[in-house]
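What follows draws every value from the coordinates through simple rules; no lab data is involved. Keep in mind the model is a prediction, meaning the values are calculated, not measured. As a convention, Cβ positions derive from the backbone with ideal geometry for all residues, glycine included, and neighbour counts pool all protein chains shown.
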Amino acid sequence: MDQRTGEPVGDVRVRSDYELEYHERQFREPYRSTVAFCDWLETSGFLVREQKLRILDLGSGAGANIYYMSQRYPGSSFVGIDINPELVERGNAFFQSRGIHNCRLEVGDLYNVGQAHVSAFDGVISLQTLSWLPDFRAPVEAISKLQPKWIALTSLFYDGPVSCTIDVTQYDDNLAPGWSGFYNVYSIPLVRKHMQSSGFGDFLFTPFEIDIDLAKPSEGRMSTYTETLEDGRRLQRSGPLLMPWYFIAASR
């Protein structure tokens, strides 16, 4: 399967100045999910600050996530692959301007990363990408073929035997169709079974609950916001959808 350049894979398709700002503001302050993801991977033993790890980020956007990780794990090296050349160019320019040498971005298709990256990484990560693809199976198989020691993902999941295919269309101010894309929710038991069949037998997962309030966008478009329950927990939503974020990881 080839990744389509116009397909909204996680955050890869730049649709407007707003989407560019979405990527670039993460360089100024990492998202809470990125910080929590690294916390969890450290606690689970996948990321160790003192080790020199080789990490590949698929669907990396402009590279803000690996920029944060490079500061947190300065002894490790990071490669990001994204299908959007504009984001790759912007990210590499940022790294160069800051004199950052343990991060670089490449233009590439996550379904066909290339033989040069096989067995080249300790871990493969992908943040906020899987649910924006048509299905999880092909990308998981593509990642597995790279033969990393472990895989770690953030996306929308459900901890029961149910998966949902959700195709979203957002309309402009004149109610003409604008962009469209997937916001799929995948069954964790199904993903675990598929990863185990690909040789990644040790499987962990945990829900991500955000610890800050996010305002609902006034125009009602697709953008993450929070609703607070009586017990103080926050639900994440985007437009009309509930966003059940989880972190998952599997190792060989």
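Tabulated values for the structure
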| quantity | calculated |
| --- | --- |
| Size of charge dipole - the chain - debye, nearest 20, with Cβ of Lys, Arg +1 and Asp, Glu -1, no other charges | 740 |
| Alpha-carbon Rg/Rh ratio, for the chain, with Rh computed the Kirkwood way | 0.94 |
| Computed log₁₀ I(q)/I(0) - Debye formula, equal Cα scatterers, no solvent, the stretch 125-194, q 0.15, 0.16 Å⁻¹ | -0.55, -0.61 |
| Calculated from backbone phi, Karplus (6.51, -1.76, 1.60) coupling profile of the stretch 49-64 in Hz, x at Gly/Pro | 4, 7, 8, 9, 9, 10, 10, 10, 10, 9, x, 7, x, 7, x, 5 |
| Relative frequency of Cα-Cα separations exceeding 22 Å in the stretch 170-245, percent | 46 |
| Inverse of mean 1/r across different Cα pairs in the stretch 204-252, Kirkwood, Å | 12.1 |
| Vicinal HN-Hα couplings computed from phi for the stretch 179-186 (Karplus, 6.51 cos²θ - 1.76 cosθ + 1.60; Hz; Gly/Pro x) | 7, 9, x, 8, 10, 6, 10, 9 |
| Segment residue 115-residue 138, length gained on full extension (0.36 nm per residue, minus Cα span) | 6.6 nm |
| In the stretch 104-172, trypsin sites (Lys or Arg not before Pro) in a DSSP loop with at most 16 other beta-carbon atoms within 10 Å | 145, 149 |
| In order through the stretch 196-208: 3J(HN,Hα) via Karplus (6.51 cos²θ - 1.76 cosθ + 1.60), integer Hz, x for Gly, Pro | 5, 5, 8, x, 9, x, 8, 10, 10, 8, 7, x, 9 |
| Length released on extending from residue 213 to residue 229, taking residue separation times 0.36 nm less the Cα-Cα span | 4.6 nm |
| For peptides 174-187, 114-127, sequence by mean Cβ density within 10 Å, most packed first | 114-127, 174-187 |
| Positive dipole terminus of the stretch 190-252, leading residue within 195, 226, 205 (C-beta point charges) | 195 |
| Convex hull volume of the stretch 16-130 per residue (C-alpha atoms, cubic angstrom) | 108 |
| Kirkwood-based shape ratio for the stretch 110-246, expressed as Rg/Rh from alpha carbons | 1.02 |
| Volume in Å³ per residue [convex hull over Cα atoms, computed for the stretch 19-80] | 75 |
| For the chain, share of DSSP beta bridges that run antiparallel, in % to the nearest 5 | 55 |
| Relative compactness, the stretch 54-97, computed as alpha-carbon Rg over 2.2 N^0.38 Å | 1.06 |
| Reachable lysines, given that their alpha-carbon falls under 24 Å from the alpha-carbon of residue 193 and they are not under 8 places away in the same chain | 145, 149 |
| Computed FRET value (nearest 0.05) for residue 54 with residue 20, which takes r as the C-beta separation and R₀ as 41 Å | 0.90 |
